[in-house]
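The values are calculated or read from the model by the stated rules, or taken from the named source; none is laboratory data. Since this is a predicted model, take the numbers as computed values, not measurements. Glycine gets a Cβ as well: all are built from the backbone with ideal geometry, and neighbour counts include every protein chain shown. Remember, those area values only see protein heavy atoms, side chains included, never the ligands or the DNA or RNA. Shrake-Rupley method; radii C 1.70, N 1.55, O 1.52, S 1.80 Å.
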Amino acid sequence: MLDIQAIQGILTHRYPFLLLDRVTDVVENERIYGYKNVTINEPFFNGHLPNMPIMPGVLILEALAQLAGVLGYYAAGLNAHSGDYIYVIAGIDKARFKRPVVPGDRLDMSVVSLNRKQQLWRFQCEAQVDGEVAAKAVVTIAEKKR
């Protein structure tokens, strides 16, 4: 399990764009689980449908991509504090949104590694709220040396 300090040791994202609160399980080279607690204090709620606060789909995808980046980091066998590599989104395929994510929800995320070709990783990603699928997509992450 990784807490927020360990996640910040891996990802370069910081508030308000760090969209991952905790990693709950990692099976190296295979899968990872984590979550984001969605609160009304999120800065995007001020401008995105302010009378009906819904987490933007693109930010759900970003949260999934951040979790995928953590899996890629560990799968590459890198030291969590080396800072030699960053992971950026290279593609999103088959994105589907099934239910809105609103304040008070816990966005439970799972990422499964599909394949890796050189510095490109593909992941099957899914986000759920209370066991119901909120979003899913195939995310491609590019590994870049700093």
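Okay, residues lined up against (1) closer than 18 Å to residue 2 by Cβ; (2) at pLDDT below 90; (3) not charged (D, E, K, R):
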| residue | (1), (2), (3) |
| --- | --- |
| 50 | no, yes, yes |
| 56 | no, no, yes |
| 72 | yes, yes, yes |
| 92 | no, no, yes |
| 120 | no, no, yes |
| 135 | no, no, yes |
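Sub-6 Å Cβ pairs linking a first residue in segment 36-48 that is closer than 20 Å to residue 7 by Cβ to a second residue that is of a type in the set (Gly, Ala, Ser), at least 6 apart or interchain, are 36/63, ordered by first then second residue.
Could you tell me whether any residue of segment 1-13 is in contact (Cβ under 8 Å) with a residue 40 or more places away in the chain, in a strand (DSSP E or B), of a type outside the set (Val, Ile, Thr) and open to solvent by less than 40 Å² (accessible area, probe 1.4 Å)? Yes, segment 1-13 has at least one match.
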